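A.B. asks: This structure is in structure tokens; I'll ask about it shortly.
The values are calculated or read from the model by the stated rules, or taken from the named source; none is laboratory data. Here the structure is a predicted model, which is why all the values come from computation and not from measurement. Here the Cβ positions follow ideal geometry from the backbone for every residue, glycine too, while neighbour counts run over all protein chains shown.
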Amino acid sequence: MLGKLAQKLTAKEIHDLVADDLQRVEKEIQLDSVASVETITTIAQYLQSGGGKRLRPILVLLSAKLMGRTLDDAGIRMAAVVEMIHAATLVHDDVIDFAKSRRGRPSANVIWGNHMSVLAGDWLYMQAFAVALKERNFHILDLLIGLTQMMVEGELLQLERIGKMGVTEADYMELVDRKTASLFSACARLGAIVGGGDEPSEQKMGEYAWNLGMAFQLVDDILDFTSSEKMLGKPVGNDLREGKVTLPLIYALAQATPEEAKLVETVLADGNYEQVPFLKILHFIRKYRGIELAMEKAQSFTDRARSIMAEFPESPYQRALISVTGLVTERDH
């Protein structure tokens, strides 16, 4: 097992394994993003051109190839489907969060307004299902419907908890499960299905990617405190400004004095850092090792993902999926 883990692939090497397939996925998304209403096409294509890591389609492609079957059109379509679902969730998230930017550019709601953006997000969801329907596979549709319900429920739960101090670690983990990890899990399971994997392989792939998704979101929430605006493509300290209490803060608040807790309450109530500067909050989180503890938690999820993937036969795709776990925890944006 150690021999396998030693042969880590770089982000470029992982990307190169699926580069040609990813080009096909981009073309598929472009074709699928054309609506009979021009504004929807414009918004959908604006979202697609916004960059992003394409981590979810890459997960579908690598998972399909891991199963040993030559990748066919179904694999390309499923990779496009998950990226469209992801784009739809981002549009809706930005509307709900009153976000001003996404990946260093103005968010869709800033350019087209909330009404247009919500409807474009709805259309993308439906279009993703229309593309998935071409497979005539109830198992795939069942998985995607369950996933979409989980993600919407996660968004509703988050809305209920916005601005509240008493968010527990269990509350937070439930949100991450619903909003992020469930999509990662579905990506790997879809890849296993179109790659011809059996039921146990599909379940194991789902568990691997669920752990990867949990770690990914934890690192995202850590970076919101530690990264730079240029790196993130959105303002730093945004989560707390939007009323979200994430894991580094939950860990710090567990040990905080009433005065320190009051600082957080003030930012939550104001929705800005005018009375309490961001650096003051960051100092208080660091004082109680909130960032370190959250990072240790993220690492425990990637360790689990790695150990699950190590059970699969060795191949370039297995090594890539093991290496992805390290890239998730070591990234700076």
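A.B. asks: Output the residues belonging to the range 18-63 that are charged (D, E, K, R), under 18 Å from VAL81 (Cβ atoms) and not in a loop (DSSP other than H, G, I, E, B). Write out each step before concluding.
C.D. replies: Restricting attention to the range 18-63, the residues satisfying the condition of being charged (D, E, K, R) are 20-21, 24, 26-28, 32, 38, 53-54, 56.
With the extra rule that they be under 18 Å from VAL81 (Cβ atoms), the set shrinks to 21, 24, 26-28, 32, 53-54, 56.
Once the filter is applied, which keeps residues that are charged (D, E, K, R), under 18 Å from VAL81 (Cβ atoms) and not in a loop (DSSP other than H, G, I, E, B), the range 18-63 yields ASP21, ARG24, GLU26, LYS27, GLU28, ASP32, ARG56.
A.B. asks: The conditions are (1) more than 18 Å from the chain's Cα centre (by Cα); (2) closer than 30 Å to VAL18 by Cβ; (3) surrounded by 14 or more Cβ atoms within 10 Å (Cβ to Cβ), and SER228 fails exactly one of them. Which is it?
C.D. replies: (3)
A.B. asks: Filter the range 43-80 for residues that are of a type in the set (S, T, N, Q) and modelled with pLDDT under 95; which is surrounded by the fewest Cβ atoms within 10 Å (Cβ to Cβ)? Step through it out loud before you land on a result.
C.D. replies: First, pick out the residues of the range 43-80 that are of a type in the set (S, T, N, Q): 45, 48-49, 63, 70.
Those still in the list that are modelled with pLDDT under 95 too: 45, 48-49, 70.
Working: GLN45: 14, GLN48: 17, SER49: 11, THR70: 9.
Per the criteria, the residue is THR70.
A.B. asks: Can you name the condition, by its number, that ALA99 falls short on among (1) among the hydrophobic types (A, V, I, L, M, F, W, C); (2) more than 20 Å from ALA80 (Cα to Cα); (3) part of a helix (DSSP H, G or I)?
C.D. replies: Against the list (1) among the hydrophobic types (A, V, I, L, M, F, W, C); (2) more than 20 Å from ALA80 (Cα to Cα); (3) part of a helix (DSSP H, G or I), ALA99 comes up short only on (3).
A.B. asks: In this structure, does ARG286 turn out to be modelled with pLDDT under 95, farther than 17 Å from GLY206 by Cα and surrounded by 15 or more Cβ atoms within 10 Å (Cβ to Cβ)?
C.D. replies: Details: modelled with pLDDT under 95: no; farther than 17 Å from GLY206 by Cα: yes; surrounded by 15 or more Cβ atoms within 10 Å (Cβ to Cβ): yes.
Criteria not met by ARG286.
A.B. asks: On the basis of being within 26 Å of ARG105 (Cβ to Cβ), in contact (Cβ under 8 Å) with a residue 40 or more places away in the chain and surrounded by fewer than 22 Cβ atoms within 10 Å (Cβ to Cβ), does LEU253 make the cut? Don't jump to the end; show me each part of the working.
C.D. replies: Details: within 26 Å of ARG105 (Cβ to Cβ): no; in contact (Cβ under 8 Å) with a residue 40 or more places away in the chain: yes; surrounded by fewer than 22 Cβ atoms within 10 Å (Cβ to Cβ): yes.
Against the criterion (within 26 Å of ARG105 (Cβ to Cβ), in contact (Cβ under 8 Å) with a residue 40 or more places away in the chain and surrounded by fewer than 22 Cβ atoms within 10 Å (Cβ to Cβ)), LEU253 does not qualify.
A.B. asks: Further question: Which condition breaks for GLN275 when tested against (1) surrounded by fewer than 16 Cβ atoms within 10 Å (Cβ to Cβ); (2) part of a helix (DSSP H, G or I)?
C.D. replies: (2)
A.B. asks: Further question: Could you grab me the full set of residues in the range 81-125 that are on the phi < 0 side of the Ramachandran plot, basic (Lys, Arg) and surrounded by fewer than 20 Cβ atoms within 10 Å (Cβ to Cβ)? Lay out the reasoning, then the answer.
C.D. replies: Within the range 81-125, the first condition is being on the phi < 0 side of the Ramachandran plot, and the residues that meet it are 81-97, 99-102, 105-112, 114-125.
Then keep just the ones that are basic (Lys, Arg); that gives 100, 102, 105.
Of everything in the range 81-125, those that are on the phi < 0 side of the Ramachandran plot, basic (Lys, Arg) and surrounded by fewer than 20 Cβ atoms within 10 Å (Cβ to Cβ) turn out to be LYS100, ARG105.
A.B. asks: Now for a separate question. State which residue pairs qualify: first residue within 17 Å of LYS179 (Cβ to Cβ) and inside the range 137-154, second residue part of a helix (DSSP H, G or I) and among the hydroxyl-bearing types (Ser, Thr, Tyr) in any location, beta carbons under 8 Å apart, and separation of 6 or more residues or different chains.
C.D. replies: Matching pairs, first to second residue: LEU147/SER182; THR148/TYR125; MET150/SER182; MET151/THR89; MET151/SER182; GLY154/SER182.
A.B. asks: With respect to ILE322, is the statement that it is among the β-branched types (Val, Ile, Thr), in contact with a Lys or Arg (Cβ under 6 Å, 6 or more places away or on another chain) and either over 28 Å from LYS53 (Cβ atoms) or buried (at least 19 other Cβ atoms within 10 Å of the Cβ) (or both) true? Quick ask: steps written out before the conclusion?
C.D. replies: On the way: among the β-branched types (Val, Ile, Thr): yes; in contact with a Lys or Arg (Cβ under 6 Å, 6 or more places away or on another chain): yes; either over 28 Å from LYS53 (Cβ atoms) or buried (at least 19 other Cβ atoms within 10 Å of the Cβ) (or both): yes.
The answer is yes for ILE322.
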